[in-house]
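See below for the structure under consideration.
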């Protein structure tokens, strides 16, 4: 679609000619996020350098009735930053300043283009860090973390973005500034901060965030437990939580993921294991020692074939490197993969993993599992070859089956990656017509003309009807008929 010359001229007047891209060559790098099977070259890319320029873009888009999609670093896995036809892609990466580190109040104020890891690096000289740590933390930005409510390997104990976020400043499509939450942690009125966190850019655009910092723990221990059986490994997760111990991180990987990670980063994983657990404990020295003794005894009792405790910070980082590099590592096993993101009750881990294996074999597509076991947040990686006719569709269908399975056992279609365009169909399984209409009504309250990231996160009732028909004509039972584990 040819960009509107009047809109382009207005944007260039506000941002500068070099900050508004329209050529195919310049816009193509922004055609997708990390869900690269969904692509669309944006018609206009805007690269503001300040909150005021962000507002100028939103005001221009409102006047021209032009859709606008906000984008961070493009590491999202659900297509939330996919450009829309005739719209503007608002890229926030140039708003990359750490405004303030306040060690006395243990807070950081940052612009949305600051990477997750940069906050911890800036806070480290004060003995502080920012707890949420997505695997892409070296690249993913705080604006995207807020939009998706990102988590990471330590979210079991330390929480998702929403649990570590104190205040955000938001630009609305109506041309207003909103300050949601409070740097003190207490704010009057409705709790709109958690409403915006995870809203996928559909309600407003975050231009500044205040996050809480935590003291670096006195002691950290990491245990690697190998198992010869996936069910025993999964059952150990529930046993650990049942003792009252809440690890900082409790991650599980199956055999394909273990072998891929070891081949990729040489982190010392046992390649003959059927599954492994990484259990990290942090806190005061005496508390960690007590928990470490209890966890090791419990893992032995659950049938662990081997246990290893990291001997220091260097080995701990090396052991974590395999988990944090698991996605690119698995990407070496096939030309393409889908990273799914569903959440289930922990008690169903073993049964759901077995069922995913059955689905994988039936579809003829390998699946590697690497995930946040402590909070039941699954990340099945579906391997396929987009160059083979029909494999993309087969992989997408298998992904929908897995997400509907999560719903069938009492879970949800997403844990931290968001819905974007990837999960619009499975959303129809989880939510009924009344619930979806409530979501749409909420969006209309903040975005009455539907200009912010249209077509994402919340399916229309018409789309749900089409999705239901597709599932029926696909010749398979709806997941409401699946057995519950």
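Here is how the numbers come out for the structure above:
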{"read-out": "Residue match in the stretch 175-186 (condition: surrounded by 23 or more Cβ atoms within 10 Å (Cβ to Cβ), touching a residue at least 40 places away in the same chain (Cβ under 8 Å) and farther than 18 Å from residue 114 by Cβ)", "value": "no"}
{"read-out": "Among the candidates 57, 69, 45, residue that is touching a helix residue (DSSP H, G or I) at 6+ places or on another chain (Cβ under 7 Å) and part of a strand (DSSP E or B)", "value": "45"}
{"read-out": "Identity of the residue in the stretch 364-387, modelled with pLDDT under 95 and more than 22 Å from the chain's Cα centre (by Cα), that ends up nearest to residue 418 (Cα to Cα)", "value": "386"}
{"read-out": "Residues (touching a strand residue (DSSP E or B) at 6+ places or on another chain (Cβ under 7 Å), crowded, with 21+ Cβ neighbours inside 10 Å and in a helix (DSSP H, G or I)) located in the stretch 379-436", "value": "395, 398, 399, 402, 403, 406"}
{"read-out": "Qualifying residue in the stretch 9-19 (condition: buried (at least 20 other Cβ atoms within 10 Å of the Cβ), touching a residue at least 60 places away in the same chain (Cβ under 8 Å) and over 24 Å from the mean Cα position of the chain (by Cα))", "value": "yes"}
{"read-out": "Filter result for the condition that a residue is at pLDDT 95 or above and over 24 Å from residue 333 (Cβ atoms), over 273, 304, 226, 257", "value": "304"}
{"read-out": "Residue count, the stretch 43-78 (criterion: on the phi > 0 side of the Ramachandran plot and under 26 Å from the mean Cα position of the chain (by Cα))", "value": "1"}
{"read-out": "All positions within the stretch 455-485 that are farther than 30 Å from residue 67 by Cα, assigned to a helix (DSSP H, G or I) and either touching a helix residue (DSSP H, G or I) at 6+ places or on another chain (Cβ under 6 Å) or modelled with pLDDT under 50 (or both)", "value": "479, 480, 481"}
{"read-out": "Any chance residue 450 is modelled with pLDDT of 95 or more, out of contact with any strand residue (DSSP E or B) (no Cβ under 8 Å at 6 or more places or on another chain) and assigned to a loop (DSSP other than H, G, I, E, B)", "value": "yes"}
{"read-out": "Residue count, the stretch 199-229 (criterion: surrounded by fewer than 21 Cβ atoms within 10 Å (Cβ to Cβ) and in a loop (DSSP other than H, G, I, E, B))", "value": "5"}
{"read-out": "Criterion: in contact with a strand residue (DSSP E or B) (Cβ under 6 Å, 6 or more places away or on another chain) and surrounded by fewer than 19 Cβ atoms within 10 Å (Cβ to Cβ) - qualifying residue of 98, 119", "value": "98"}
{"read-out": "Total residues in the stretch 281-304, condition crowded, with 17+ Cβ neighbours inside 10 Å and under 16 Å from residue 233 (Cβ atoms)", "value": "6"}
{"read-out": "Residue that is in contact (Cβ under 8 Å) with a residue 60 or more places away in the chain and either under 23 Å from residue 375 (Cβ atoms) or outside the structural domain of residue 370 (by TED's automatic domain parsing) (or both), where the choices are 259, 231, 290", "value": "231"}
{"read-out": "Top-ranked residue of the stretch 97-114 - restricted to ones that are free of Cβ contacts under 8 Å to residues at least 24 places away in the same chain and in a loop (DSSP other than H, G, I, E, B), ranked as nearest to the chain's Cα centre (by Cα)", "value": "97"}
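Here's the yes/no breakdown for (1) out of contact with any helix residue (DSSP H, G or I) (no Cβ under 7 Å at 6 or more places or on another chain); (2) surrounded by fewer than 20 Cβ atoms within 10 Å (Cβ to Cβ); (3) over 19 Å from residue 70 (Cα atoms); (4) modelled with pLDDT under 95:
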residue	(1), (2), (3), (4)
140	no, no, no, no
144	yes, no, no, no
151	yes, no, yes, yes
163	yes, yes, yes, no
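The values are calculated or read from the model by the stated rules, or taken from the named source; none is laboratory data. These numbers were taken from a predicted model, which means no experiment stands behind them. For neighbour counting, all protein chains shown are included, and Cβ atoms are generated from backbone atoms with ideal geometry for every residue, glycine included.
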